[in-house]
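Okay, structure first, notes after.
Read-outs throughout are calculated quantities, based only on the coordinates presented, and are distinct from any laboratory measurement. This structure is a prediction, so every number in the text was calculated from the model and none was measured. Using ideal geometry, Cβ is built from the backbone for each residue, glycine included, and neighbour counts are taken over all protein chains shown.
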Amino acid sequence: MTNKENALAQKLTAANPAEKPGGRQSGNVRALAIRYGFLTLLLALVLVFSIAAPGFGSPQSAVFILQSVSITGILALGVTATLVVGGFDLSIGSVATTALMASSYVMVVMGGNAFEAVAVCLVIGGLIGLINGVLIVYGRVPDLLATLGMMFLLLGLQRIPTEGRSIATGMTLPDGSQAEGAFSAAFLALGRHRFDFILPNLVPVSVVVLIVLAIAIWLFLEFTRFGRMMYAVGSNERAAALAGAPVNGYKILAYVISAEFASIGGILLAARLGRGDIASGNNLLLDAVAAALIGFAVLGAAKPNAFGTAIGALFVGILLQGLTMMNAPYYTQDFVKGAVLVIALVFTFALSTRHKH
């Protein structure tokens with residue numbers, strides 16, 4: 001190699017830091033930080049709270065955390081399905097509350113049983129998801145506007161049958177009569193029964209439902225043709241259409257999945273409370289969206305994924321339970337959740353973009 005070639009090589013090396021000794025090592029460190037940084041933060045959080053708050057690391061505390069995030073996690077998994085196809089569902093909180101009110105109305109006012117209440121809620125969820133999907137796909141309404149409109153529609157609709165009253169056993173109906181129905185024991189068991197696991201009466205039904213649904217949606221999205229096509233639609237809708245994929249069908253399917261998951265969450269919430277409380281679903285939307293978006297940071301995915309969403313829901317639950325056990329003021333919790341969400345997203349997308357370049 002001539003002296004000129006040596007000088008040129010040195011200039012190119014200086015212009016490209018990645019080629020410097022240690023540059024590749026720096027890139028590897030960044031890649032590890034992107035992939036495992038959030039999980040490391042989660043483990044560190046558990047360790048800190050276990051030391052600072054006696055009882056945090058107990059099996060009972062762990063189950064309480066899982067129970068507290070089970071309904072939020074189920075809704076977040078539904079949101080993930082819409083994010084996969086490049087959409088977004090703002091109506092999930094209202095869908096869950098509608099299911100809560102509908103199941104309560106079927107049993108308390110109409111005298112129905114648990115099976116009928118659950119069936120009605122699932123049908124309602126499917127119809128809402130179908131309407132959302134049709135409005136977005138064929139009505140050309142932007143997803144945020146369509147689901148926002150559905151959210152307000154449901155907020156008003158669920159109050160009409162009882163004129164804004166919550167539904168409880170023995171309630172007075174708008175016509176002055178008294179409701180003769182009641183929540184069945186089988187229905188209440190969905191929210192209150194606990195399975196034996198290590199300790200007697202430890203694991204609630206809602207936690208089992210969350211785990212089952214999380215595994216099901218993860219397998220569906222990651223290992224089936226339909227799931228891979230949904231990712232293709234979200235990544236490049238035009239290319240997926242040119243490849244012959246039924247893009248419209250997959251987008252509608254995503255909103256149906258989202259609404260059905262929200263209905264399941266509403267059913268479990270009604271079974272836990274034993275009443276149709278209109279205000280119970282107020283925070284479900286924000287917590288579910290936070291869990292789904294935090295999931296982008298898990299394992300450096302930088303995309304919607306069921307595993308990351310489940311970890312995101314768990315992270316929010318651990319954070320809030322730890323703060324509560326450390327007697328942190330309740331009014332700081334939303335601020336902390338927002339801060340964690342912003343940091344997680346900045347960490348994920350900023351570092352991922354730099355890493356790609």
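Could you tell me whether the stretch 37-356 comes out rounded, prolate or oblate from its Cα gyration tensor? Rule is a ≥ b ≥ c as square roots of the eigenvalues, rounded for a/c under 1.5, then prolate if a/b exceeds b/c, otherwise oblate. Because a/c hits 1.5 or more and a/b fails to exceed b/c, the stretch 37-356 counts as oblate.
Calculate, in nm to one decimal, what I160 and M110 gain on full extension: separation in residues at 0.36 nm each, minus their alpha carbon distance.
On the way: separation 50, 0.36 × 50 = 18.00 nm, distance 1.55 nm.
Full extension of this stretch gives 16.5 nm more.
Filter the DSSP H helices in the chain by two things, a Kyte-Doolittle mean of at least -1.0 and an axial alpha-carbon span of 27 angstrom or more, and list the hits by number. Don't skip to the end; give the middle numbers.
On the way: long enough: 23-52 (39 Å, 1.19); 59-84 (34 Å, 1.53); 114-137 (34 Å, 2.35); 247-273 (39 Å, 1.21); 306-325 (28 Å, 1.74); 333-356 (34 Å, 0.89).
Long hydrophobic helices here: 23-52, 59-84, 114-137, 247-273, 306-325, 333-356.
Which of the peptides 59-71, 80-92 is most tightly packed, and how do the rest follow, judged by the mean count of other Cβ atoms within 10 Å per residue?
Working: 59-71: 19.6, 80-92: 26.5.
Most protected by this proxy first, the peptides run 80-92, 59-71.
Around the amide H of G276, modelled in the peptide plane, lie the amide H atoms of I167, A168, all under 5 Å away and 5 or more residues distant in sequence or on another chain. Go through G86, G133, L32 and say which Cα lies farthest out towards the positive end of the charge dipole of the chain; charges sit on Cβ, +1 for Lys and Arg, -1 for Asp and Glu. Farthest towards the positive end: L32. Label-to-label distance, E222 versus L202, with points set 7 angstrom from Cα along the beta-carbon direction: 2.5 nm.
Placing +1 at every Lys and Arg Cβ and -1 at every Asp and Glu Cβ, with all other atoms neutral, what dipole size does the chain have around its Cα centre, in debye to the nearest 20? It would help to have the intermediate numbers written out before the result.
Working: 21 positive and 15 negative charges, 276 e Å.
Using Cβ point charges on Lys, Arg, Asp and Glu, the chain gives about 1320 debye.
Using the average count of surrounding beta-carbon atoms within 10 Å as a protection proxy, the listed peptides 163-176, 96-109 rank, highest first, as 96-109, 163-176. Most tightly packed first, judged by the mean number of other beta-carbon atoms within 10 Å of their residues, the peptides 254-260, 152-158 read 254-260, 152-158.
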